[in-house]
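This report concerns only the one structure given below.
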Amino acid sequence: MIEPVLDVRDLRTYLKTPRGTAWAVDGVSFTLASGKTRALVGESGCGKSMVALSIVQLLPEPAGFVDSGQVLLEGNDLLDLTWNEMRAHRGRDLAMIFQEPMTSLNPVFTIGNQVAEAVAAHGGSKSHARRRALELLERVGIEAPERVHGQYPHELSGGMRQRAMIAMALANRPKVLIADEPTTALDVTVQAQILALIREIQDEMGMAVLLITHDLGVVAEMADDVSVMYAGHVVESGPVRAIFHHPQHPYTRDLLESLPSRQSRGRDLAVIEGVVPGATDWPTGCRYASRCRFRVDACEASGPPMIARDAAEVRCIRVDAIAQSEATR
Amino acid sequence: MTAGLLLHNAWANAPPVSIAGVLVWIVMRSRREPLWAEAYRRLGRSKRALGAIFVLSLCGGIVFLDSLSWQGSRVEEPKTVVDRLFDRPFERTYSEPMGSATVGEVTPHRLLGKHVFGTDSVGKDVFYKVLKGFRTAFAIGGLACLVAVPIAVTLGLSAGYFGGVIDDVVQYTYTVFGSIPDILLIVALVLMLGQGLSSICLAMGLTSWVGLCRLVRGETLKHRDREYVRSARALGASHGRILVVHILPNLLPVIIISVTLLFSGLALYETILAYLGVGVGSNFGSWGNMIDSARDELTRDPSVWWNLAFSSGALLVMVLSLNVLADALRDAIDPRLRTE
C-alpha cells in the first residue's frame, strides 16, 4: 500500500463554551494519499470544519484545543510542532482555502500584491514573487492576469476571488490542499468551473485534496474516497462508489435518500427527523440512535465501533441486520 | 556670507525642509495607489474639504517659512523668513489694529507700515505674534502626536491581536492613565522635565495616547478574526507580518482621522496649559501665551482686546479647518463606504 501523505488518527478536538466543553471532533481518523481526494461530508455543526482547522492548527482562539490524536504529514506528527515550526508547514506543505471568497482577501491590497505575498511568505525575491504571481493567476484561469494583478478584491466577482484564493494556496506547491466548502458561496456554473480547476491542478501537481463539503453532488464529482461525519465522528468511510451505490450506515442512507432524484420526482423529499445531539454532552450510545429508523435498545447501550464491511468501514452495530432486511424485502 | 555660515544654516534648515519633502512625497506617492486615489477624488469633490485644505496649507506655508532660518553674519542671531518679513520694532505702548508704525519704519509701506492687528500692551506687533504662534501650534501638535501615535498603535495592535495577558496589561495601563486627570499629569511632567517645547510635547504625548490606543485595540479585535487574516495564517504568515502587513493598513483610515483630531486637540490644549502657566514658556511665540497675557490687558481702560481676539481667532481657524478636514477624510476613506 502507498504511504499516505496525510494520516489523521483518532483526532479529538474540543471547544470551551459557556455551556461546557464541546467535543467538536471526537475521534476522527482517515488517510489521504498523494494525488487523491478525500471528501469529508456531513451537515452543519458535525465538526468537519473543525477537523480542517485542527490539522492546520488554526482553531478559534482562545476557545479551541486539540485534546489528543495524531496528524501525520509524511510521518511527522504536526501536533508535536511549535507554532513557528507549524507556520513553516502552512502554505508550503499544507494550504487551505476557505468558504468565503468575499472576505478571505484583504480589502486594501491588490490581488497581485496578495498572491505575491503568499509566494514571498516562504522566501524568495520580490521580482520573482511578482512573476510567479502573474503565472499563478494565469494558471487558475484568470483572463487578463495583468489587469487583475492590479485590481482590488471588491472589483472582482466571487468566482474570480476564489480563483485568486486558489492561486494563493498554490503559491508554494503544497502537498495537501484543504478546501473548506470552496464552492458553497458560488453560483452553480462557477462552482463547476472552480471544481474543474481544482481537479486539473491536482492532477498536474499530484497534490492530495481534503475536500470539506455538505454538497453530495460535489462529492460525487470530485472525491475518490468519502468520510461521512456525524456528530463529531466518522460514521462511514470508503471509496466514493461504494458509499454512493451501497450506503451501509443508516445516516448515510437517509442522507442519500433526502437528495432529490429522478425516482423521487413528484413525491415529497425524504427528511431526517429530529436534530443532532448537542456537542457538550454526546449520548453514550450511538449518536444517530435518536433519529435512526433501525434503532434497537442495544444501540443506546455503548458507542458502536468501526466495522469493516466490503470496501468501507461503518460505525453501526446493526449493519449486517440492516443489510439482511434490505435483501429480504 | 562664508561657507561655514551657509552650512550652519543648512543644518538648521534640514529638518523643516525634509519634513515638508516627506509630506509632499507621501501625498504624491499615495496618489498612485488606486485605493487612495479614490479617496483623493472624493476629497476633491467636497468643497468643505478643499476649503479646509486651502486654509491648512496657508498655515503650513507660514510654519514652513517660519522654520527656514538664515543668518546675516556670524554675530547676528539666526532669523527665519517670517522674522525678516514681519518682525516690527517694539512700539512705546499699545496701539489699535491698523495703527501706523511709528518706530523704526524706514520706508513706510502701505500694509507693512501699519500694525495690522495692533500692538499689545508692551508695544509688540500682534500680527507678528499670531504668525509666530502657528509654528508652535504645529510643533506641539506634530511632536506630541509623534510621541503618542507610536505608543498607541503598538500597544493597541498587540493588545487587540494577542489578547490574554498582554491585553490585560495594556488595558490596565491605559485605564490607569485615563483616570489620572491629564492636566495634573502634564503639570507634574513639565515641572519635572523643565519648561520648554520638547518637554511639553513629551508630556502631552505621554498623556494623549489613551483614546487612540483604545480605538486601535478595538479595531484590531474586529479584524483579528476576519477571514482574510485567517487565510493569511493558513498560508503561513507570521504574527508580525499579519499585524503590520495585513491588519495595520486596514486600520490606517481610522488612525489618520483620529490623529487629525488629536492634532487639533493638542494645539488647543497648549493654550490651556499656557493659561495655567505651564506652557511652552515665553521664549516661544504661542497663542496660549498671548491669551494668558490678555488677562491683564482686558482689565485696562481702554481694554486691549485685539491680542486676545486675534490669537483666539487664529486658533479657531486652525482647529476648525482641521476638524472639517477630519470629517471630510472620514467621508472620503471610510472603508465601509468603499467595500461592497
Sticking with the crude label model, points 7 Å out along Cα→Cβ, report the distance from B:Leu146 to B:Ile26 in nm, one decimal please.
-> 1.2
Convex hull around the C-alpha positions of region B:126-338: the volume in Å³ per residue is 124
Can you tell me the order of B:300-307, B:282-289 when each peptide is scored by its average per-residue count of other Cβ atoms within 10 angstrom, highest first?
-> B:282-289, B:300-307
Chain A: relative contact order from alpha carbon pairs under 8 Å, six or more residues apart, as a whole percent, is 20
For B:77-87, B:219-229, ranked highest to lowest by mean beta-carbon neighbours within 10 Å, the order is B:219-229, B:77-87
For peptide A:59-70, compute the average count of partner chain beta-carbon atoms within 10 Å of each residue's beta-carbon.
-> 1
If we count every other residue with Cβ under 15 angstrom of B:Ser303's Cβ, Lys/Arg +1 and Asp/Glu -1, where does the sum land?
-> -3
State the Cα centre-to-centre distance between region A:285-310 and region A:95-142 in whole Å.
-> 46
Exposure proxy check on B:Phe90, B:Phe64: fewest-to-most Cβ neighbours within 10 Å is B:Phe90, B:Phe64
Residue order, fewest to most surrounding Cβ atoms within 10 angstrom, among A:Phe98, B:Phe127 = B:Phe127, A:Phe98
Would you tell me the mean number of C-beta atoms belonging to other protein chains that fall within 10 Å of each C-beta in A:94-106, as a whole number?
-> 5
Extension length gain for A:Glu85 and A:His154 (0.36 nm per residue less Cα distance), in nm, is 21.5 nm
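Mean projection of the alpha-carbon convex hull of the protein assembly as shown over all orientations, in nm²?
Orientation-averaged projected area of the Cα hull: 40.6 nm².
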From Cα coordinates alone, what are the radius of gyration and Dmax values for region A:180-329 in angstrom?
-> 17.0, 51
What's the center-to-center distance, using Cα atoms, between region A:50-76 and region B:248-310 in Å?
-> 57
Tell me the trypsin sites (Lys or Arg not before Pro) within region A:1-85 that lie in a loop according to DSSP and have at most 15 other beta-carbon atoms within 10 Å.
-> A:Arg19
What is the packing order of peptides B:141-147, A:210-216, A:319-325, A:79-85, taking the mean over residues of other C-beta atoms within 10 Å and listing the highest first?
-> A:210-216, B:141-147, A:319-325, A:79-85
Per residue of B:245-251, what is the mean number of Cβ atoms on other protein chains within 10 angstrom of that residue's Cβ?
-> 3
Sites B:Asn283 and A:Val188 - FRET efficiency at Förster radius 56 Å, r taken between beta-carbons, to 0.05 = 0.15
Could you list, in their original order, any pairs among A:Lys16/A:Lys36; B:Lys79/B:Lys114; B:Lys47/B:Lys129; A:Lys175/B:Lys222; A:Lys36/A:Lys126; A:Lys126/B:Lys222 whose Cα atoms are separated by more than 26 Å?
-> A:Lys16/A:Lys36; B:Lys47/B:Lys129; A:Lys175/B:Lys222; A:Lys36/A:Lys126; A:Lys126/B:Lys222
Length-normalised contact order of chain B in % [C-alpha pairs under 8 Å, at least 6 apart] = 20
Which of A:Glu313, A:Glu273, A:Glu61 fluctuates most in a GNM of chain A (C-alpha springs under 10 Å)? That residue is A:Glu61
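Can you put B:Glu270, A:Glu300, A:Glu3, A:Glu181 in order, fewest other beta carbons within 10 Å first?
Exposure proxy ranking, most exposed first: A:Glu3, A:Glu300, A:Glu181, B:Glu270.
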Pull up the cross-link candidates among the aspartates and glutamates for B:Lys132, meaning alpha carbon to alpha carbon under 17 Å and not fewer than 8 places away within one chain.
-> B:Asp66, B:Glu77, B:Asp83, B:Asp87, B:Asp120, B:Glu270, B:Asp292
0 to 90° range, to nearest 10: angle between helix B:287-299 axis and chain B longest Cα axis = 50
Cβ-defined net charge surrounding B:Asp225, 15 Å radius [Lys, Arg +1; Asp, Glu -1] | +1
Hey, in the GNM for chain A with a 10 angstrom Cα cutoff, which one of A:Ala169, A:Ala33, A:Ala308 fluctuates hardest?
-> A:Ala308
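Where a number appears in this text, it was derived from the coordinates with a stated rule and is not lab data. Just so it is clear, the structure is predicted and the values come from calculations on it, not from any experiment. Quick reminder, even Gly has a Cβ in these numbers, built from the backbone with ideal geometry, and neighbours come from all protein chains shown.
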